[in-house]
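Here, each number is a calculation from the coordinates, and none is a lab measurement. What you see is a predicted model; the values in this text were computed from it and never measured. Reconstructed Cβ throughout: ideal geometry from the backbone, glycine too, with neighbour counts over all protein chains shown.
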Amino acid sequence: MSICVSNSKSLGRSAGLELREPGAYRGLAAGLLLGLSLLLIPDASAQRTSLKPGWNHFSPQQDITLGKRAAADAETHLPLCNAPKVDAYLTQLGTRLAQKLPTGGVQYPFEFHCVNDKAINAFALPGGYVFVNRGAIEASDNEAQLAGVMAHELSHVALRHGTNQATKAMVAETGLGIFGAVFGDSTGGALLTTLGNFTAGGVLLRYSRTAESQADVMGTQVLYDAGYDPRALAQFFEKLEAETKGKNPPEFFSDHPNPEHRVGRVDEEVEKLGGPPANARRDSAEFEAIKREVLALPVVKKPAPGAPGAVAAPEPPSRKLVEHQSKAYALKYPDNWKKYPDSDGAGISFAPEGGVLDDGSGHGALAYGLIIGVASAKGDTNDENALINATNQVIQDLQKSNPSMKIARQGERLRLNGQPGLATYLSNLSPAGGQETDWVVSVLRPEGLVYFVCVAPQSAYDNYDKTFSSILDSVRFSK
Ligand SMILES: [Zn+2]
């Protein structure tokens, strides 16, 4: 079931900062340098575009905390190359670039990892945790192009685009008032945990086109300063764009949406830097050797969506139950499941390790577990028509984000903690492959329609049926 457990659904592509240019410094030193030009390298920084991180409610230290947690999680979910030489090479190249990265004095603990994924892509988590797909290495014609991709990623780190985006998402989701609560008490920890969960935290990797353009411009500057041909970044994008014609666009463009005039803007920055330096580095024997090694790595097949058994099933639900208490109800859930609270506080999900999968676009999709939500609904708690109408509304909303969802069995009456309720069975495509069964139990309460969605792949549903019943039997509504 495609439900964003990180609650990042309202995340729009909002306009960020405009690029600023310090025109005032232009050409100031030109006259002074004339007689010294043999000794001094002309100060190219006088003309380059100046970029600063945007609005952010996190501190750079929180970027590191958050990124470290998300990186640890990413490492458990992604197939890594497990090729020490390749990682060492990426680290060496990345460190050389990072030394030229304007971080505003922040010391980020840069890390570089090779991911065994043929898709042409790379991503950087806040705080400096950079992951490069083997596909990006294989698609690079030379070291300068790979350096360009990595300089682009490092620029997302320096410009703090991940937490800038999270800041905007939190405001869109909850209004400004939440910040006191989030950063003033323990809720902050919960939020960091939610964002730090890589599968659930796609929010950190959803950049605006403005952010992309900024990362291109800064990436070009970093390439230049590190002694690489700064045109390499644009050349790599041109190549990706050419491959896009009439085909599926490379994955890089879904994580890093193409700003308008991408190549032109990079070329413009190269001009501002005084053109490509004559002796710029383009390739190395080392890069060619690493590329050969990467091409020879075993291919890890990605589970095709809809293919049964594509993903390893989580361990069975524990029979030992632990208590969860919310304002509206209490219940017990297996002690080997984790809680995933929604950031709005009204909803919550419970899932085993491995029960939340990536839906393919960086959103968490629940394959095994329980989702609890509250929908606004009018009507007395014993009004059966109101219960039916509100339940239908919730199911229609679920169907909007799950187009394959169908009603399998409808409107069976039951009692939940003595309250009249409705049971509905739905079928849907499982993010784990094959079909899934969703058992929806809904009850009208003074706060609205409280609904419980029990989710498991159809083939495994029998193993979860008892657990779901035990959880629902344990529900106690607040008086
Ligand atoms: Zn990007």
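Within 11 Å, Cβ to Cβ, of V106, how many net charges do the neighbouring residues add up to if Lys/Arg are +1 and Asp/Glu are -1?
0
Which lysines have a Cα lying under 25 Å from the Cα of K272, excluding residues fewer than 8 positions away in the same chain?
Partners found: K52, K100, K239.
Quick one: if you stick a label point 7 Å off each Cα along the C-beta vector at K52 and A328, how many nm between them?
About 4.4 nm, to one decimal.
Ordered by packing density, taken as the mean number of other Cβ atoms within 10 Å over each peptide's residues, highest first, how do 379-392, 108-121 rank?
108-121, 379-392
Under 5 Å between amide H atoms, partner at least 5 residues away or on a different chain: which partners does A365 have, H built in plane at 1.01 Å?
Counting only residues 5 or more places away or on other chains, the set is L357, D358, D359.
Determine ³J(HN,Hα), in whole Hz, for all residues of region 231-242 in sequence, where each value follows from phi through the Karplus function 6.51 cos²θ - 1.76 cosθ + 1.60 and θ = phi - 60°; x replaces Gly and Pro.
6, 4, 4, 5, 5, 5, 5, 4, 5, 4, 5, 4
When the Karplus curve 6.51 cos²θ - 1.76 cosθ + 1.60 is applied with θ = phi - 60°, which whole-Hz ³J(HN,Hα) does each residue of region 437-453 get, with x for Gly and Pro?
Once θ is set to phi - 60°, the couplings for region 437-453 become 10, 10, 9, 9, 10, 10, 9, 7, 10, x, 7, x, 7, 8, 10, 10, 10 Hz.
Would you mind ranking T76, T103 so that the residue whose beta carbon has the fewest other beta carbons within 10 Å leads the list?
Details: T76 11, T103 17.
The most exposed by this proxy come first: T76, T103.
How large is ³J(HN,Hα), in whole Hz, for each residue of region 116-121 in order, when computed from phi with the Karplus curve 6.51 cos²θ - 1.76 cosθ + 1.60 and θ = phi - 60°, using x for Gly and Pro?
For region 116-121, the Karplus curve yields 7, 9, 5, 5, 6, 6 Hz.
Using every pair of alpha-carbon atoms in region 209-288, split the distances into 10 Å bins beginning at 0 and state the percent of pairs per bin, rounded to integers.
The percentages, shortest bin first, are 18, 47, 30, 5.
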